[in-house]
Amino acid sequence: MEKVIEAKSISKSFSGVKVIQDLSFFIRSGEIVGLLGPNGSGKTTTVRLLNGVITADAGHIRVVGLNPFTEGDTLRRRCGVLTESAGLYRELSGEENLLFFAQLYGIKNAVRRVKELLSDFQLTEHKDKKVSIYSTGMLKRLGIARALLHKPQILYLDEPTTGLDPEGARDLLEYIKNLNQKYNVTILLCTHLLKQVQTLCHRFIFIHKGQLLEEGTLQELEDKYLRELSLKVETDLSFHGQSFESYPILKKEPGAVVFRVQNKEAIPLLLRKILKKGPLYSAEICGRDLETLYFKVREAHKHE
Ligand SMILES: Nc1ncnc2c1ncn2[C@@H]1O[C@H](COP(=O)(O)OP(=O)(O)OP(=O)(O)O)[C@@H](O)[C@H]1O
Ligand SMILES: [Mg+2]
């Protein structure tokens with residue numbers, strides 16, 4: 001698939017401090033990519049570089065073939081961005097904010113588009129309130145509505161769910177997925193909420209201190225970093241000793257046992273052996289979630 005975002009060896013310093021160092025990555029058309037890293041690792045700075053708000057000191061960035069810094073105005077007509085501050089006018093109402101930006105972007109049928117977005121983000125009943133009295137969740141939803149006004153082809157979402165309640169976060173993630181599936185919007189999402197984005201993103205880019213740590217799909221990360229598997233088996237059987245039929249037992253819990261297995265291929269055989277002895281209610285591979293993988297990646301690179 002076509003690469004719509006390409007960053008090659010980019011670096012950026014603020015007052016002599018390097019915050020992005022020799023960072024390279026790409027994003028293909030139609031992907032949802034999670035840009036993940038701890039506080040201060042350079043996620044927001046990366047988005048600002050991609051959107052041409054600031055310029056890199058070195059390296060090369062192309063977004064839909066354009067240079068974000070020298071062709072920023074053309075580029076920003078095709079990109080939407082939700083920043084941490086959202087950039088809304090507090091003294092205007094929600095609706096006035098959207099209408100103002102719609103006008104600024106030269107959007108046709110602005111009134112209809114604004115109405116549609118207010119409804120999509122459950123803001124219709126709050127449209128006349130001043131933004132200064134909006135709740136965190138309402139502000140976030142209005143910020144995203146603003147980013148979507150001009151139906152961008154690429155969307156940068158910087159911490160989109162921070163401050164949202166579980167229901168709000170779930171609805172928003174569902175909306176993002178839908179945008180991607182229905183309209184093929186390419187999405188770069190910065191977050192530390194790994195659990196939320198594990199199933200949403202097609203691929204992940206891990207950064208640390210402005211450098212690329214690792215990138216890949218969940219499956220690729222699993223193949224690379226999960227050398228041995230832990231399998232949690234729910235059963236009434238009691239196991240004695242440190243192993244069962246040469247499978248090491250890592251942990252015994254009430255009603256469950258955790259085994260170490262060399263690879264996935266070893267699992268059916270183990271399960272058959274257990275079933276011969278008694279009931280087995282469920283079996284689950286532990287530690288293949290994004291958060292565990294993230295810590296394994298961090299651990300593997302900690303001396304770099
Ligand atoms: N305009 C600026 N001037 C000086 N330093 C800056 C500026 N913008 C960012 N930084 C510094 O660059 C580093 C990376 O910041 P950035 O905001 O990109 O991190 P982040 O990964 O988005 O963090 P968070 O998860 O907290 O949002 C930080 O050390 C920050 O203090
Ligand atoms: Mg940030």
Within region 89-166, report the GluC sites (Glu not before Pro) that DSSP leaves as loop and that have at most 10 other Cβ atoms within 10 Å. E91
Could you compute how fast the chain diffuses translationally, taking Rh as the Kirkwood radius over C-alpha pairs and applying Stokes-Einstein at 20 °C with viscosity 1.002 mPa s? Give it in µm² per second. 99
By how many degrees, 0 to 90 and rounded to 10, does the Cα axis of helix 136-148 deviate from the longest principal axis of the chain? 70
What aspartates and glutamates sit close enough to K115 to cross-link, taking a C-alpha to C-alpha distance under 16 Å and skipping anything fewer than 8 places away on the same chain? E95, E96, E125, D128
Please determine, in degrees from 0 to 90 and to the nearest 10, the orientation of helix 94-104 with respect to the longest principal axis defined by the Cα atoms of the chain, where the helix direction is its Cα long axis. 70
List the pair-distance distribution P(r) of region 168-304, using every Cα-Cα distance, as the percent of pairs falling in each 5 Å bin from 0 up to the bin containing the longest distance, rounded to whole percents. 2, 8, 16, 16, 13, 13, 12, 10, 6, 3, 1, 0
If I fit a long axis through the Cα atoms of helix 290-300 and take the longest principal axis of the Cα atoms of the chain, what angle between them do I get, 0 to 90°, rounded to 10? 80
Excluding K8 itself, calculate the net charge of residues whose Cβ lies under 12 Å from the Cβ of K8, where each Lys or Arg counts +1 and each Asp or Glu counts -1. 0
Across K195/K264; K12/K302; K3/K296, pairs whose alpha-carbon gap is larger than 25 Å: K3/K296
For the chain, what does -39500 (n - 2.57) per DSSP helix run (n ≥ 4), summed and divided by total residues, give at 222 nm, in deg cm²/dmol to the nearest 500? -10000 deg cm²/dmol
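Quick note: the coordinates plus some simple rules give every number you see, no bench work behind them. Computed from a prediction, not measured in an experiment: that's the story for all the values here. Every residue, glycine as well, gets a Cβ built from its backbone with ideal geometry; the counts of neighbours run over all protein chains shown.
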